[in-house]
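Undergrad: The following block contains the structure, expressed as structure tokens.
Just so you know, all these numbers are worked out from the coordinates, no wet-lab data involved. Treat the numbers as computed from the prediction; the structure is a model and nothing was measured. Here the Cβ positions follow ideal geometry from the backbone for every residue, glycine too, while neighbour counts run over all protein chains shown.
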Amino acid sequence: MNLLTVENLTVTLATGSGDAQAVRNLSFNVGHGEILGVAGESGSGKTMTALSMLGLLPYKGKASGSIKFDGREILTSSKREYRDLRGKEIAMIFQDPMTSLHPMLTVEVQLTEHLRHHRKVSKDAARNSALELLATVKIPEPAAALRAHPSQFSGGMRQRIAIAMALACEPKLLIADEPTTALDVTVQAGILKLLHQLRKERNLSVMVITHDLGVLSSLTDRIMIMYAGSEVESGLTTDLLRNPRHPYTKGLIAALPGNSASNSKNLLSIDGMPPELGNFPTGCAFHTRCNYAKESCKGAIPEVTNLNSTHRIFCPINPFSEVTSAGSQS
Amino acid sequence: MKEILNIKNVSVEYDRHGRKVRAVAGVDLTLNSGEILGLVGESGCGKSTLGKAIVGILAPVTGEVVFDGEKVKKLTRGKRPEHFRNLQMIFQDPYGSLNPRRKIGVQIADGLIVAGMPKKLALLKAADLLEKVGLPRNAVDRFAHQFSGGQRQRISIARALAAAPTAIIADEPISALDTSSQAQVANLLVNLVDEFDMGMVFISHDLSIVRRISDRVAVMYLGKIVEVGTVDQIWNNPSHPYTRALISAIPHADGTSFMPQDLPGDVPNPMSPPSGCRFHPRCPLAKEECKTQEPGLRKLGDGRDVACVLQTAGNQPVTITLN
Ligand SMILES: Nc1ncnc2c1ncn2[C@@H]1O[C@H](COP(=O)(O)OP(=O)(O)OP(=O)(O)O)[C@@H](O)[C@H]1O
Ligand SMILES: Nc1ncnc2c1ncn2[C@@H]1O[C@H](COP(=O)(O)OP(=O)(O)O)[C@@H](O)[C@H]1O
Ligand code: SF4
Ligand code: SF4
Ligand SMILES: [Mg+2]
Ligand SMILES: [Mg+2]
């Protein structure tokens, strides 16, 4: 059984011009010890999807559908139940690690309070756990680090401390929203290694959100691509990146700097802009930018096409059905 | 090929609580017309500071920048000297660099009006420029908040173009954008450089994009240039351990489970630069002498410059592998 099973999740947000659906009918799951990647352009609903797992939607935001965590329905949880779930069973880290850290309190105070709040352990036991956690996330000289304030660390070290906080109560699921986007590649590589190791040692499930397909390639087992609040394609990382089958995924991959025609300085790009909330096009939302769109695409919301037991697209036209070779890029 | 910018031994200092911090420490670089020079390095290494010194926003404490035959002077609040209007900068933050309360058209036309163009004509020209960067002409009447990040970056580009620049310093112009707008804006810049035969310094921490669009690449570490060469030299056969580390850290989006290599240790702080080779505390190949002797830039047999004792002037580069 999967650790997380999401069915028909729809998130409605209040905007200046009425309610609008930021996430539409999304269904996916995350297995025990699995790393799922979620990618898509800005505004595609990645963060709102994550926040609805934690009961942290913005003011007036509403989620409907079903979110089963470890067999229990959690979407209907009370505020209190969500509070217990967060931190203890599902933890989250953000692009800016300071979102979950206080700049002026020592690392020791923050880590031990957190441990004692959720685990009801003695001060000494909490301190020892804190030291262990810092060692786990590879902070050099954990004892000295405990006495320091987060603001005294570099961006990469802060993200490690935020991960230590997230791990404190041994959650089963870690949601990471753009965890390395603000970091240098040299530092990012270290965080990727760490997440890999945590999955291996703790059988931690991870849902990682990023628009960086390179990060997803090295980190994830499976990837889901979102556009305008909906899934457009999902599959095993290898299948999806080597043999993308939805026109949008295909475009994203072709736009990577390494993939454009080798002699030209020009990169391939998807023309146009992602649609804005409240203004999602009808039918297949991608039809306004899709080179393969047919008249029918403007009408009905695309049904799923299963390509194999793990790879699926939401594009009935399926324009690349002939393509079978791996690694092909248009 | 005409040399449009010559940066000679430029150092820049900031004052931090009364202590001098040298964020750029003796940089030599040149830029030719029609060329894109990529400038890469980890955050805090001094890229933006160098960019600001090139256009005269910051005054260097040593050395000088020569633009089109004339020494760049520190900008004052008044009118930008005629000659230097052709040297423009596009800033890292497309949100911060536009005024939220003024119409886009006026902001672009400003430079033209200052240069003496009648307002009506300047606004028409602004609409032309917006069209040039792929935005609708009626964007002149709108405000910055009505545009997405990618569109705002195009607006900043249009504003820089208004001065008919012959050289542009573009500071992380696409870092804040989505993958698809990144490619669009990068293409726009490449085409503009071509069309107007400008020179461009393209500052980025992302070597994979720099590699695509640049002709030459300069790699910066803690205020110093450690390697400069053609894109092919830098990408295919990096000769400085730091360049090698930057390349090895880039993840591959190829569906293999390739694990990028991290570079342990913090990006160092210019408050207290290490002795000798500034990279030595993080360099897996450091020798004893690296702790005390600072390696200067040397020109290798293939024409590139590198600052590392493992390389010998005049010789072909020795292949660098880290482990
Ligand atoms: N508090 C809010 N009120 C109303 N709309 C919101 C709110 N927060 C986000 N939105 C909108 O919801 C949509 C989805 O947002 P979300 O943050 O999930 O996108 P995302 O995929 O995470 O994008 P990014 O890559 O930029 O982080 C966007 O159009 C966004 O502008
Ligand atoms: N206004 C400033 N005052 C003091 N220090 C600064 C200022 N701006 C940048 N610095 C410092 O100078 C160094 C180089 O910064 P910067 O040029 O912004 O680097 P980069 O653009 O390569 O990320 C960093 O250590 C940074 O903290
Ligand atoms: S459904 Fe139509 S518009 Fe949508 S991706 Fe497929 S071909 Fe393109
Ligand atoms: S000079 Fe020494 S420390 Fe510096 S990069 Fe070369 S080998 Fe490494
Ligand atoms: Mg987000
Ligand atoms: Mg900068």
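Undergrad: May I ask for the angle, rounded to the nearest 10°, between helix B:119-132 and the longest principal axis of chain B, with both axes built from Cα atoms and the value confined to 0 to 90°?
TA: Between helix and principal axis, roughly 50 degrees.
Undergrad: Follow-up. Restricting to the protein assembly as shown, compute how many DSSP beta bridges are antiparallel as a %, nearest 5.
TA: Working: 56 of 92 bridges.
Here the share of antiparallel DSSP bridges comes out near 60 percent.
Undergrad: Could you tell me the relative contact order of segment A:21-95? Use alpha-carbon pairs under 8 Å, at least six residues apart, and round to a whole percent.
TA: Values: 39 pairs, mean separation 16.8, N = 75.
It rounds to 22 percent for segment A:21-95.
Undergrad: Moving on. Output the antiparallel fraction of DSSP beta bridges having both residues in chain A, as a percent to the nearest 5. Could the numbers behind the result be given before it?
TA: On the way: 28 of 46 bridges.
Given both bridge residues lie in chain A, the antiparallel proportion sits at roughly 60 percent.
Undergrad: If you line up the long axis of helix A:123-136 against the longest principal axis of chain A, both from Cα atoms, how many degrees apart are they, to the nearest 10?
TA: Taking Cα atoms only, the helix is inclined about 40 degrees.
Undergrad: Let me ask something else about it. Using alpha-carbon pairs under 8 Å, 6+ residues apart, how would you state the relative contact order of segment A:175-330 in percent? All intermediate terms of the calculation are to be shown ahead of the outcome.
TA: On the way: 199 pairs, mean separation 32.6, N = 156.
It rounds to 21 percent for segment A:175-330.
Undergrad: At a threshold of 8 angstrom on Cα-Cα distance, excluding pairs fewer than six apart, so keeping six or more, what relative contact order does segment B:238-323 reach in percent?
TA: Values: 114 pairs, mean separation 25.4, N = 86.
About 30 percent, as a whole number.
Undergrad: Here is a further query. Give the lysines reachable from B:Lys8 as a straight Cα distance under 25 Å; neighbours fewer than 8 places away on the same chain don't count.
TA: B:Lys20, B:Lys47, B:Lys52, B:Lys71, B:Lys73, B:Lys74, B:Lys224, B:Lys299
Undergrad: What is the pair-distance distribution P(r) of segment B:238-323, computed from all Cα-Cα distances in 5 Å bins starting at 0, with each bin given as a whole percent?
TA: Calculated over all Cα pairs of segment B:238-323, the distribution is 3, 14, 20, 21, 19, 11, 7, 3, 1 percent.
Undergrad: Kirkwood hydrodynamic radius, segment A:176-330, all distinct C-alpha pairs: what's the number in Å? Kindly include the intermediate steps, with their values, before the conclusion.
TA: Values: mean 1/r = 0.0589 Å⁻¹.
Over segment A:176-330, the inverse of the mean reciprocal pair distance is 17.0 Å.
Undergrad: Under a cut-off of 22 Å between alpha-carbon atoms, report the lysines in cross-link reach of A:Lys120, not counting same-chain residues fewer than 8 places apart.
TA: A:Lys79, A:Lys88, A:Lys172
Undergrad: Viscosity 1.567 mPa s, temperature 4 °C: give me the Stokes-Einstein translational D for segment A:97-170 in µm²/s, with Rh taken as the Kirkwood radius over C-alpha pairs. Kindly include the intermediate steps, with their values, before the conclusion.
TA: Numbers: Rh = 11.8 Å.
Calculated translational D: 110 µm²/s.
Undergrad: When the Karplus curve 6.51 cos²θ - 1.76 cosθ + 1.60 is applied with θ = phi - 60°, which whole-Hz ³J(HN,Hα) does each residue of segment B:266-278 get, with x for Gly and Pro?
TA: Result, ordered by residue: 7, 4, x, 9, x, 4, 9, x, x, 6, x, 6, 4 Hz.
Undergrad: Relative to the longest principal Cα axis of chain B, at what angle does helix B:104-114 sit, 0 to 90 degrees, rounded to 10?
TA: 90
Undergrad: Once phi is turned into ³J(HN,Hα) by the Karplus curve 6.51 cos²θ - 1.76 cosθ + 1.60 with θ = phi - 60°, what whole-Hz value does each residue of segment A:30-39 show in order, with x for glycine and proline?
TA: 10, x, 5, x, 9, 10, 9, x, 10, 10
Undergrad: Let me ask another. If Rh is defined by the Kirkwood formula over all Cα pairs and Rg also comes from Cα, what ratio Rg/Rh do you get for chain A? Spell out each step's value before the answer.
TA: On the way: Rg = 20.8 Å, Rh = 21.0 Å.
Using only Cα positions, Rg/Rh for chain A is 0.99.
Undergrad: List the trypsin sites (Lys or Arg not before Pro) within segment A:39-84 that fall in a DSSP loop (any state other than H, G, I, E or B) and whose Cβ has at most 13 other Cβ atoms within 10 Å. It would help to have the intermediate numbers written out before the result.
TA: On the way: sites: A:Lys46, A:Lys60, A:Lys62, A:Lys68, A:Arg72, A:Lys79, A:Arg80, A:Arg83; in loops: A:Lys60.
Of the trypsin sites (Lys or Arg not before Pro), the ones in loops of segment A:39-84 whose Cβ has at most 13 other Cβ atoms within 10 Å are A:Lys60.
Undergrad: Round to a whole angstrom and tell me the spacing of the C-alpha centers of segment B:232-248 and segment B:1-16.
TA: Cα centroid of segment B:232-248 versus Cα centroid of segment B:1-16: 24 Å apart.
Undergrad: Antiparallel as a % of all DSSP beta bridges within chain B, to the nearest 5?
TA: Details: 28 of 46 bridges.
Here the antiparallel bridges make up roughly 60 percent for chain B.
Undergrad: Further question on the same structure: Which order, highest average first, do A:231-237, B:258-264 follow once you tally other Cβ atoms within 10 Å for each residue and take the mean per peptide?
TA: Ranked by mean Cβ neighbours within 10 Å, highest first: A:231-237, B:258-264.
Undergrad: Give the distance, in whole Å, between the Cα centre of segment B:299-323 and the Cα centre of segment A:302-318.
TA: Comparing the Cα centres of segment B:299-323 and segment A:302-318, I get a distance of 51 Å.
Undergrad: With +1 on each Lys and Arg Cβ and -1 on each Asp and Glu Cβ, how big is the dipole of chain B about its Cα centre, in debye rounded to the nearest 20? Write down the numbers at each step before the final one.
TA: On the way: 39 positive and 33 negative charges, 264 e Å.
In debye, rounded to 20, chain B gives about 1260.
Undergrad: So, one more: Could you line up A:Tyr248, B:Tyr221, A:Tyr59 from fewest to most neighbouring Cβ atoms inside 10 Å? Each step should come with its number before you reach the end.
TA: Working: A:Tyr248 28, B:Tyr221 25, A:Tyr59 6.
Fewest to most other Cβ atoms nearby, the residues stand as A:Tyr59, B:Tyr221, A:Tyr248.
Undergrad: Would you mind checking which residues have amide H under 5 Å from B:Val27's amide H? H placed 1.01 Å from N; only 5 or more apart, or other chain.
TA: B:Asn9, B:Val10, B:Ser11
Undergrad: Under the Karplus relation 6.51 cos²θ - 1.76 cosθ + 1.60, θ = phi - 60°, what is the ordered set of whole-Hz ³J(HN,Hα) values for segment B:44-56, x standing for Gly and Pro?
TA: Each residue's phi maps through the Karplus curve to give x, 7, x, 4, 5, 4, 4, x, 5, 6, 4, 8, x Hz.
Undergrad: If one computes the Cα centroid of segment A:155-233 and of segment B:131-208, what distance in Å separates the two points?
TA: 31
Undergrad: Sticking with this one: What lysines could a cross-link reach from B:Lys119, if we take a straight Cα to Cα line under 20 Å and drop same-chain neighbours fewer than 8 places away?
TA: B:Lys79, B:Lys103, B:Lys132
Undergrad: Which whole number gives the average, over all residues in A:148-156, of C-beta atoms from other chains lying within 10 Å of the residue C-beta? Please list the in-between numbers first.
TA: Details: counts 0, 0, 0, 0, 0, 1, 7, 4, 3.
Mean partner shielding for this stretch: 2.
Undergrad: Sticking with this one: For a quick check: with amide H placed at 1.01 Å from N, whose amide H comes under 5 Å from B:Arg304's, ignoring anything fewer than 5 positions away on the same chain?
TA: HN-HN under 5 Å from B:Arg304: empty list.
Undergrad: Starting from the amide H of A:Met226, placed 1.01 Å from N in the peptide plane, find each other amide H under 5 Å away whose residue is 5 or more places distant or on another chain.
TA: Result for A:Met226 returns A:Ala39, A:Gly40, A:Val232.
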